[in-house]
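Engineer: Below you will find the structure I want to go over with you.
Rule-based calculations on the coordinates, nothing more; no lab input. Note that the coordinates shown come from a computational prediction; the quantities given were computed from them, not determined experimentally. For neighbour counting, all protein chains shown are included, and Cβ atoms are generated from backbone atoms with ideal geometry for every residue, glycine included.
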Amino acid sequence: MRLRIASWSFILFTLVFLVVKDGSARKIGITTERDNQVKLVTYDLHQSAAEDLALNNIMQVEGTDLKMKTEAAEEEDDDDHDDHHKHKEKDDEDSDDEDEDDDDEDDHKKKGKHYSKNEHDKDEHKKFIMDPELNVFFTPKDLYVGKTMPIYFAKRNSSTSPKFLPREEAEQIPFSSKKLSSLLKFFSLPKHSPQAQAMKYTLKNCEIEPMEGETKFCATSLESLLDFARYLFGSNKQFKVLTTTHLTNTTVLLQNYTIREVKEISVANVLGCHPMPYPYAVFYCHSQKSDVNLYEMLVEGDNGGKVHAAAICHMDTSMWDSDHVSFRVLHVAPGTSPVCHFFPPDNLVWVPSPAANP
């Protein structure tokens, strides 16, 4: 009898243990899944924004006054950040001397500054000395098969890039700088974090009124992006998307590339969409009424890597700011030469499909 009671006690204890263990496992599993989602949502926006120097300059070319936007965003935060910066400056002074040499070496490796010693001329050598991301500008004179020039092609891991939300979900989340505080709480981001500043940067850029002749829209879902393209090109027309794509794996972001193929695409209207730093996918899309030529080309790097690149040339630069970085890179002045640039990977160029026209 005692053995029978002991056996039932053991069985009951075992069942209770398994239930508790299963509940704990489920709790751990749910917590891990939630943590993974938070990590995915709160990816390093600061790093994404820092890698977008070329994008900022391209958006300036496309007609967006980022300087005004950035200053407006920073002006509001000056009071909030004064104490934060004072404490940070002291720490930075102590570590600057030690880290400067290491940082320079790391940047050279990361950004691919191991280039050929046989540059074609001094101008190309100077362009290598500049920020690597600025090596996206060129002129129409460079557009011929066999031309070799230094080009910076960013490369990102698509698996860690933010994804579009379904329209229904995106529309339930406020997209306004006035709601930034509640958004930061929603995404569990500290107010003074780099991620918070990147979010504010995106919201402010999306809220600036379009310039004269510009049509703009920030797409927070794939459906809204497609709707905007239909609005721009016409609901009865089809369209296609061009983008810059790495055809081979390479870790060298800046190197000499030789043009192997070049093709001009004749279209009356172009819609450029640039990814913005945000917890989920947001694209800054705009179209500017101006004289432009669009190109697709195949380029091959010194290391054998190939890139299918999309590029655009702005033919009239007479009204551009004379301080724009593209003029310093190309050694030209406003109105004296067209300015061309490659689109970074992850940027989308929408054009009406000629085959779909009646």
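Engineer: Which order do the peptides 193-205, 270-282 take when ranked by the mean count of other beta-carbon atoms within 10 Å per residue, highest first?
Structural biologist: Per-residue Cβ counts within 10 Å, averaged per peptide and sorted highest first, yield 270-282, 193-205.
Engineer: Still on this structure: Hey, rough spin-label estimate for Val145 and Ser161, points 7 angstrom out along Cα→Cβ, what's it come to in nanometres?
Structural biologist: Label at Val145, label at Ser161, 3.0 nm between them.
Engineer: Is the shape of the range 250-358 best called rounded, prolate or oblate, per the rule: a/c under 1.5 gives rounded, else a/b larger than b/c gives prolate, else oblate, with a ≥ b ≥ c the square roots of the Cα gyration tensor eigenvalues?
Structural biologist: Details: a/c = 1.25, a/b = 1.05, b/c = 1.19.
The shape class here is rounded.
Engineer: Also: Amide H of Cys218 versus every other amide H placed in the peptide plane: which residues, excluding those fewer than 5 positions away on the same chain, fall under 5 Å?
Structural biologist: Those qualifying (amide H under 5 Å, at least 5 residues apart or on another chain) are Cys285.
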